[in-house]
Amino acid sequence: MIYPTARAWRDAPKKRVLLFAMSGLGKTHVSNILRESGSWFHYSIDYRIGTRYMGEYITDNAKAEAMRVPFLRDLLMSDSIYIGSNITFHNLGAVSSYLGKPGDPARGGLDIDTYRRRQDRFARAEERALLDTGYFIDRAEALYGYPHFVCDTGGSICEWVDPEDPEDPILSDLSQRCLVVWIRGSDAHTAELVRRFDRAPKPMAYSPDFLDRAWRDYVAAEGVAEDAVDPDAFIRWTYAQALAHRQPLYEAMARNWGITVEAEDMARVRDAADFDEVIAAALPAD
């Protein structure tokens, strides 16, 4: 680790961290607190994905929907209107909308091949965005003068790495530049995430093996044709399994590549000084 002890962390003139956890456990909230302190650069992986690597896919998808409406089609064909995404740190809905949900097209679902293709595009985009971290560390300091840096990752980071491989290209690169920090939730946090997701299911990204297994098992269990699957029912059914699937991957990432901070401790962070103490407490004693 680039900060092997609590003292090394406290004394470091340049603090660089990468936060990972399931969505909803405070990564972006804490990153926003650090950014607002004035000395931390906030690098959002999801924002980078949506603006740099999937912008054309997202815009083209919106245009394709608009082209189905004769009034909008005529305006688009004559260059009378412009369609674009408005992705911000606080609104990444365009990325989720592009990912979509598989199942019955009458209920907003995608055919499974299209869904897999979009998942693959997202995976490649997230891998590239993660590997851009070092570039943004250097850019934040050279261009803007930020001494400190926080990388705010998506919950799906664990889907594209092998935490047990000491030569994993993504984790090797990230750990050389950042302190890798897992925000670990409790059983109560998990239950709340499931309840929250059930109220408003949102698209997620999965590894191909996990998705294929989940899709096959769901179709068999429900006894329905692939094009008759309820899209929301499928992603609700898959979510709890995804949490269980990701937990050991997160644990291995923290064990082999970084440290663990409890979500309840991170939730008490109110400023950069609080954050420094939470990280120091998770590092080995001096």
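The values are calculated or read from the model by the stated rules, or taken from the named source; none is laboratory data. Being a predicted model, the structure only gives us computed values, none of them experimental. Virtual Cβ from ideal backbone geometry, glycine too; neighbours counted across all protein chains shown. Ligands, DNA and RNA are stripped out before the accessible areas are found, and what is left, the full protein with its side chains, is counted by its heavy atoms. Shrake-Rupley method; radii C 1.70, N 1.55, O 1.52, S 1.80 Å.
Can you give the relative contact order of the chain as a percent, counting alpha carbon pairs under 8 Å and 6+ residues apart? Relative contact order here is 34 percent. For Arg184, the amide hydrogen comes within under 5 Å of the amide hydrogens of Val261, Glu262, Ala263, counting only partners 5 or more places away or on other chains and with H modelled in the peptide plane.
Compactness of the chain is given as radius of gyration and Dmax, 20.3, 68 Å, from Cα positions.
Can you tell me which of 200-207, 15-22, 241-248 comes out highest on packing, and rank the rest after it, using the mean Cβ neighbours within 10 Å?
Ranking, from highest mean packing down: 15-22, 200-207, 241-248.
Accessible area of Cys178, 1.4 Å probe, to the nearest 10 Å²? Rounded to the nearest 10, that gives 0 Å².
A simple charge model with +1 on the Cβ of Lys and Arg, -1 on the Cβ of Asp and Glu and nothing else charged puts the dipole of the range 19-118 at about 260 debye relative to its Cα centre.
Among residues other than Thr153 whose Cβ falls under 9 Å from its Cβ, what is the net charge (Lys/Arg +1, Asp/Glu -1)?
Net of charged neighbours comes to -2.
Extension gain, Gln176 to Tyr144: 0.36 nm times the residue separation minus the Cα-Cα distance gives 9.3 nm. Heavy atoms of the protein only, probe of 1.4 Å, neighbouring chains included. What is the accessible area of Phe71 in Å², nearest 10? Around 140 Å² of this residue is reachable by solvent.
The alpha-carbon positions of the range 213-286 define a convex hull whose volume is 131 Å³ per residue. Which listed residue (Ala214, Ile259, Ala242) has the Cα farthest towards the positive end of the charge dipole for the range 214-286, taking +1 on Lys and Arg C-beta and -1 on Asp and Glu C-beta about the Cα centre? Comparing the listed Cα positions along the dipole, Ala214 ranks first.
Here the chain is assigned +1 on the Cβ of each Lys and Arg and -1 on the Cβ of each Asp and Glu. Its dipole about the Cα centre then comes out at about 620 debye. Between the amide H of Gly109 and those of Asp104, distances stay under 5 Å, these residues lying 5 or more places away or on another chain, with hydrogens modeled in the peptide plane. A cut-off of 5 Å between modelled amide H atoms, ignoring neighbours fewer than 5 places along the same chain, links Leu18 with Cys151, Leu179, Val180, Val181. Among the trypsin sites (Lys or Arg not before Pro) found in the range 109-217, not one is both in a DSSP coil and sparsely packed, with 13 or fewer other Cβ atoms within 10 Å of its Cβ. For the chain, the membrane-span-like helix rule (DSSP H, alpha carbon extent of at least 27 Å along the helix axis, mean Kyte-Doolittle at least 1.0) picks out no helix; this says nothing about an actual membrane. Between the listed residues Ala140, Ala12, Ser31, the Cα displaced farthest toward the positive end of the dipole of the range 1-159, a dipole computed from Cβ unit charges relative to the Cα centre, is found at Ala12. Estimated from helices alone, the mean residue ellipticity of the chain at 222 nm is -17000 deg cm²/dmol (sum of -39500 (n - 2.57) over DSSP H runs with n ≥ 4, per residue). Starting from the Cα of Ala281, step 7 Å toward the Cβ, then list every residue of the range 18-61 with an amide N under 11 Å from that point. Correct set: none at all. Rounded to 0.05, the FRET efficiency of the Thr5 and Leu72 pair, given R0 = 51 Å and the Cβ-Cβ distance, is 0.30.
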